[in-house]
Amino acid sequence: MKPVIEIKNLHAEYRTGKERTVALKGITLSAYKGEIFGFIGPNGAGKTTTINILLGFMHPTNGNAVIFGEKSSSLKNRFRIGYLPEIAYYYPYLTPFKILTMYGKLFRIDKTTLNNRIDSVLANAGLTEEKNTPIRNLSKGMSQRLGLAQAIINDPEVLILDEPNSGLDPIGKREMRDIILELKNKGKTIFFSSHELSEVELICDRVGIIDRGQILKTEKLDQIVGKIDTKQTVLEDIFIRMIKDKRA
Amino acid sequence: MRAAWIIAKNVIEESIRKKEIYVLFILSIAMMFIVAMASFFSLTGLVKYFIELSFLIITYITVIIAVVVGARQLPVELNSRTIYPLMAKPLKRSEFIMGKWLGTSIISIFCFLVFEGIFIIFLFSKGSSVSGILIQGIFLHILQLMLISSIVICLSAFMTNAANVTVSILYFILGHWIGQAISDVLDKCGSFLAWILKSINYILPHLDYFDLSKKIVHQWPPVPAWVITTVMIYAFVYISIFLLIGTLKFQRRQL
Amino acid sequence: MRKKEERHRGTEYSLCAFAALCLCALLLQIPLQTYHYSAVSSVSVIPGGEIISKVLGGVFTGSADLLWLKVDEYLHKGVTEHGHCHILEEAGIGVHTQHRHELQYNRLDKFFTKLEYNLKPNIEGHLHSKRENELMPWFKFTTMFNPHHVRAYAVGGYWLAFRLEKPDEAIKFMKEGIKNNPDSYQISEEIGIVYFSKLKDYKKAQYYFEKALKSQAKMDEYDKAGILRFLAFSHKFQGHTQKAIDCYKQVLRLFPENKKAKNFIDKWERGKE
């Protein structure tokens, strides 16, 4: 099966004046249609850099990133991708309805379809009552849910989520998990980065572990975790052990 | 173009919600009123000074609006991170820049037309009327606002908000004097320096080409159509150049 | 790190812009005369105030000079001569100087020169009769920015009295000038001329001509002779013939070969007999 997201030997670096920071040192991974791919790693590992390259926010210094067989920064791809940023703010003077209308128009969705879809995604995100509330008056959790709503406004085939549970309470996390699983059931491919290994363990099909710009492992979740009957969060143990071994 | 227009609408909506435009609006109306009501030596029928000062007020205020609105577009989007969900949409970076320019131009032109409307009311109250040269002057100033908006948007890809405002306003002031200053010193320098000065003269846009205020004040007849057409082409060439430079810089930028 | 880099760049650009602004302010001062702005000099009592008053004074007086040039521009329907002021010539002061040289090197230069020619007022015209009132706001603005701009008061007074037929307004304006410049002989002389020529009030005219002569300001012989001539006639029209003769004798002391002075002295001395 051909992967939906394919990253091959990706290198990336940041330059600030004369200083050069290597963020990615030749990473390779793939995500397939209909799967949930969890991308985990410690802070500064290169997760957000990888996502930024997938979305065309930055250019790699070497290697390539491809989505649907096209260069990841291609405009054609963006019609089929939804993105939830880790920390995102939306124009505070707009309302959820207006911001979704604005984004929907960028996807060239016709007016009737767009209005119906806005009602649907707001209902999914539990923001129907806050439809006309200025975004500056929404709580952090509501903003995060709005983030998900705008990520799925175009009914994308691929969802790229950067820390989707950021700022959510346990109920919010549960709802987010349910939405992600529902999207998976609809055949969407979900690529998300997270620190919350318990959440990753619950929903992911495959996992990629990154540290200091290098992929340590890309594997099916049950092959990493194994069939060990224990109450401990086994993925967390394995993750920490892997990082420590690599750094030793 | 559709995507650019969506971005432009957002710029306009954001600007309308900011208080600074209303403050500048009230300030300029107040200044025009004071100028209109001023009395000099019990003389009647004084119109020229009013036209000159009002035009000066309107010109500077609308340029300040264009600069202030335009300069904050890119830096604020980046700092507030509103750019990330936006750029993940099918929106080219060139459309983003174009949209920001369009929004900035529209808001400054709208303010200019409102001020001009009030100015014309004052003009009628002083017994004067709208002349052909005034219409031409209004058109050229609209072109100037579009050009300045493009300069500001281009610079916003290189500089912070504060630096951009400073440089843009400085250029607006100096841009009216380039031609005269260079031609004054040209025959006093050596050939190499003269070549450099002439290059600067041709590279930098002359903002005095968009200023018909002297002819308006002194009630000259309208300028020939070829002059307006030439200035219009001149404006659009420079607008394209600045937007292109801004787009190229923004395209290379890591978000 | 990016924010720090941006802040650093922003600081650099702002400093460059500020330096460029100071350079422009300095260059602006070069073609303009500087005056001492007494209202601002009160600032100099505070430490460092001298610098502040010079900077602020420079801005105000520089602006006043630009406004003064506006008077000339208005007189000539927007056409300005580079570094020259026609308005003084119109009022009988100053001499016409050469025109600005247009530089044309090649076709492109010629094209843009033609473009500029059409965009700016290009053929000198003159305001006439009632339209000359349009000059007056600029006289007022000049004196508002620099109350020590003696020429603005003197020439403005002349224009009000003799061109716009408003001698009372002229006197009011010039009296304000005297208040700000008590030692100015030019303004006193001009007030005297208005009283003499327009209002036929020879007593007041005499008062102002004598005031002008008492001025400590540096006065050249021609100006002094001019004032003495007017004073002479002021005395004559009041019936004080001897005083009139004495004035013309002072003129003769300045210009011994002046035939007109000799003729008036002879005529008035014969008239006395």
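Structure notes:
- Simple label model, 7 Å out from Cα along Cβ direction - A:Lys220 to A:Asn64, nm: 2.9 nm
- Where labels lie 7 Å past Cα in the beta-carbon direction, separation of A:Asp237 and A:Asp178 in nm: 3.2 nm
- Gyration tensor verdict on the range B:169-255 (Cα atoms; rounded if a/c is under 1.5, prolate if a/b is larger than b/c, oblate otherwise): oblate
- Distance between the modelled labels on C:Lys203 and C:Ala217, one decimal in nanometres: 2.7 nm (7 Å Cα→Cβ projection).
- Normalised by 2.2 N^0.38 Å, where N is the number of residues, the C-alpha radius of gyration of chain B stands at 1.10.
- Selected from B:Ser191, B:Phe55, B:Phe25, residue furthest toward positive end of dipole (chain B; charges at beta carbon): B:Phe25
- A Förster distance of 56 Å, applied to the separation of the beta-carbon atoms of C:Glu257 and B:Ile121, puts the FRET efficiency at 0.30.
- Cut-off under 5 Å, modelled amide H: who pairs with A:Lys33 long-range: A:Val4
- The range A:156-213: relative contact order in percent, alpha carbon pairs under 8 Å with at least 6 residues between: 46 percent
- Helix B:132-156 and the longest principal axis of the C-alpha atoms of chain B enclose an angle of approximately 30°.
- Of all aspartates and glutamates in the structure, the ones whose alpha carbon falls short of 18 Å from that of B:Lys198, not counting any fewer than 8 places away in one chain, are B:Asp184, B:Asp187, B:Asp208, C:Glu102, C:Asp109, C:Glu116.
- By the rule of a C-alpha distance below 28 Å, with chain neighbours fewer than 8 residues away ignored, the lysines paired with A:Lys244 are A:Lys8, A:Lys25, A:Lys47, A:Lys217, A:Lys220, A:Lys227, A:Lys231.
- Amide H within-cut-off set for A:Ile210, under 5 Å, with H built and near neighbours excluded: A:Ile40, A:Gly41, A:Leu216
- Total formal charge among the other residues, if their Cβ is under 14 angstrom from that of C:Tyr185, Lys/Arg +1 and Asp/Glu -1: -2
- Reach of A:Lys33 by Cα under 12 Å, taken over aspartates and glutamates that are not fewer than 8 positions away in the same chain: A:Glu6, A:Glu157, A:Asp205
- Computed from the C-beta positions of C:Asp266 and B:Asp184 and an R0 of 56 Å, the FRET efficiency is 0.50 to the nearest 0.05.
- Computed lengthening from A:Lys140 to A:Ser120, 0.36 nm per intervening residue step minus Cα-Cα distance: 5.1 nm
- Compactness index (Cα Rg / 2.2 N^0.38 Å), the range A:1-149: 1.21
- Once the Cβ-Cβ distance of B:Ile196 and B:Ile135 is raised to the sixth power relative to R0 = 56 Å, the FRET efficiency obtained is 0.90.
- C-alpha center-to-center spacing [the range A:143-194, the range A:35-102] in angstrom: 13 Å
- The slack in the chain from B:Ile233 to B:Leu248, taken as 0.36 nm per residue of separation less the alpha-carbon distance, amounts to 3.2 nm.
- Alpha-carbon centroids, the range B:209-224 and the range C:212-231: separation in whole Å: 44 Å
- Residues A:Lys105, A:Lys18 in ascending order of nearby Cβ atoms (within 10 Å, fewest first): A:Lys18, A:Lys105.
- Shielding by partners for peptide B:154-161, expressed as the average number of C-beta atoms from other protein chains within 10 Å of each residue's C-beta, is 3.
All of the numbers you see were taken from the coordinates with simple rules; none came from a lab. Computed from a predicted model, the values in this text were never measured in an experiment. Every residue, glycine among them, receives a Cβ derived from its backbone with ideal geometry; neighbour counts consider all protein chains shown.
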